[in-house]
2 protein chains.
Amino acid sequence: MAGFLGQYEYQLDQKGRVSLPADYRRRADDSRFVLLQWEATHLTLFPVSTWEGVQQRLLDLRRGGSAVARHLRQITARAVEVEPDKQGRILIPGWLKEGAGLDGSALLIGALDRIEVWDPERFAAAAPDPGQESEELEAAVYEIFG
Amino acid sequence: MAGFLGQYEYQLDQKGRVSLPADYRRRADDSRFVLLQWEATHLTLFPVSTWEGVQQRLLDLRRGGSAVARHLRQITARAVEVEPDKQGRILIPGWLKEGAGLDGSALLIGALDRIEVWDPERFAAAAPDPGQESEELEAAVYEIFG
DNA sequence: GGTGGTTGTGGGGAATAGTGGGTAAGAGTG
DNA sequence: CACTCTTACCCACTATTCCCCACAACCACC
């Protein structure tokens, strides 16, 4: 099955809720999601079925006892399990809105097995500059799409 | 099932009680927990079902008779079994509050299979500085989230 | 071109969650 | 045995969260 695709810009209401595109709701095999910030720029929304695999890898890494394992709490502390209400909206906690720079509206991006939640301006700014990086991207993309 | 996630800052009342987030209470398969300090910085709260595995590993280690095994009592001495009251609060003994630097308020952190109890300022100070450590963390995290 | 369903958006009201404190039972001490 | 201090249970208050109803825009389909 094709994963999450496309982009939707929705309002973030005064209670901190955003609609989840109906298309995404239908595609997800589970109605529950894990919303977390593991990159500084944006939030990521995993269906719980996908999240479980991630969680297992996190547990394995922590049990390994490496130096970085001690900081994993910084990741899990920035996560919540959310479930859309009857109208298909999820509530984004204040501390996550702040971290992702969300105010007013949110851009929902389909990213195959997950959904990303961006502040529209940040997303525009995150596009690669025409230059070296963009050339590398182009080359990689050519190899994939053939 | 998704484990314990997120962060909640609650008051620590004059009797030394803290509310356990309702979400955590629902998630735990058992209402009883083991609260202990095994790291200098904070306290950790294990559901008894999870604790049993830890306890088994402690017993195995002690039976192994290694040098460190002789100091395990320093760990178990800093532990208590707690159970939330009807309002969902647990009582933190004075000697544990002191060791974790708790006063006024407590930050409850979801860490997948366990819950951590931090002094808010200490938690902020424990965040990895932008630098080598933070880069390693980012790299490890990228590998996990792909 | 109407018509019915679906989708995003707004807001009111009930249930729940966190917080404070009073009082009784229990443990430890002299 | 009496006294004190701690722990546990209970009642009450307030703010937040969650659930539900309702509207309006859009699309598809007769």
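The values are calculated or read from the model by the stated rules, or taken from the named source; none is laboratory data. Here the structure is a predicted model, which is why all the values come from computation and not from measurement. All Cβ positions, even for glycine, are placed from backbone atoms using ideal geometry, and neighbour counts span all protein chains on display. Remember, those area values only see protein heavy atoms, side chains included, never the ligands or the DNA or RNA. Shrake-Rupley method; radii C 1.70, N 1.55, O 1.52, S 1.80 Å.
Quick one: would you say A:Arg78 is closer than 17 Å to B:Arg114 by Cα, in contact (Cβ under 8 Å) with a residue 40 or more places away in the chain, in contact with a strand residue (DSSP E or B) (Cβ under 7 Å, 6 or more places away or on another chain) and among the basic types (Lys, Arg)?
yes
What's the total number of residues in the stretch B:113-141 that are under 12 Å from A:Ile75 (Cβ atoms), at the interface with another protein chain (Cβ under 8 Å from one of its Cβ atoms) and open to solvent by 10 Å² or more (accessible area, probe 1.4 Å)? Steps first, please.
Taking the stretch B:113-141 first, the residues under 12 Å from A:Ile75 (Cβ atoms) are B:127-128, B:137-138, B:140-141.
Going one step further and asking which of them are at the interface with another protein chain (Cβ under 8 Å from one of its Cβ atoms), we end up with B:127-128, B:137, B:140-141.
Then keep just the ones that are open to solvent by 10 Å² or more (accessible area, probe 1.4 Å); that gives B:127-128, B:137, B:140.
Within the stretch B:113-141, residues that are under 12 Å from A:Ile75 (Cβ atoms), at the interface with another protein chain (Cβ under 8 Å from one of its Cβ atoms) and open to solvent by 10 Å² or more (accessible area, probe 1.4 Å) number 4.
Of the residues in the stretch B:75-96, how many are out of contact with any Lys or Arg (no Cβ under 6 Å at 6 or more places or on another chain), within 15 Å of DNA strand C (Cβ to nearest atom) and open to solvent by less than 50 Å² (accessible area, probe 1.4 Å)?
6
Which of the numbered conditions does A:Leu45 fail, given that it passes all the others? Conditions: (1) surrounded by 13 or more Cβ atoms within 10 Å (Cβ to Cβ); (2) assigned to a helix (DSSP H, G or I).
(2)
I'd like to check something: does the stretch A:96-103 contain any residue that is part of a strand (DSSP E or B), over 23 Å from B:Ile144 (Cβ atoms), more than 14 Å from chain B (Cβ to nearest Cβ) and away from DNA strand D (no atom under 16 Å from the Cβ)?
yes
Here is a yes/no grid of residues against (1) in contact with an Asp or Glu (Cβ under 8 Å, 6 or more places away or on another chain); (2) within 16 Å of DNA strand C (Cβ to nearest atom); (3) more than 14 Å from chain B (Cβ to nearest Cβ):
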{"position": "A:Leu12", "(1), (2), (3)": "yes, yes, yes"}
{"position": "A:Leu20", "(1), (2), (3)": "no, yes, yes"}
{"position": "A:Arg27", "(1), (2), (3)": "no, yes, yes"}
{"position": "A:Gln37", "(1), (2), (3)": "no, no, no"}
{"position": "A:Ala40", "(1), (2), (3)": "no, no, no"}
{"position": "A:Ser49", "(1), (2), (3)": "yes, no, no"}
{"position": "A:Arg57", "(1), (2), (3)": "no, no, no"}
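If you scan the stretch A:122-144, which residues turn out to be touching a residue at least 12 places away in the same chain (Cβ under 8 Å) and part of a helix (DSSP H, G or I)?
A:Arg122, A:Phe123
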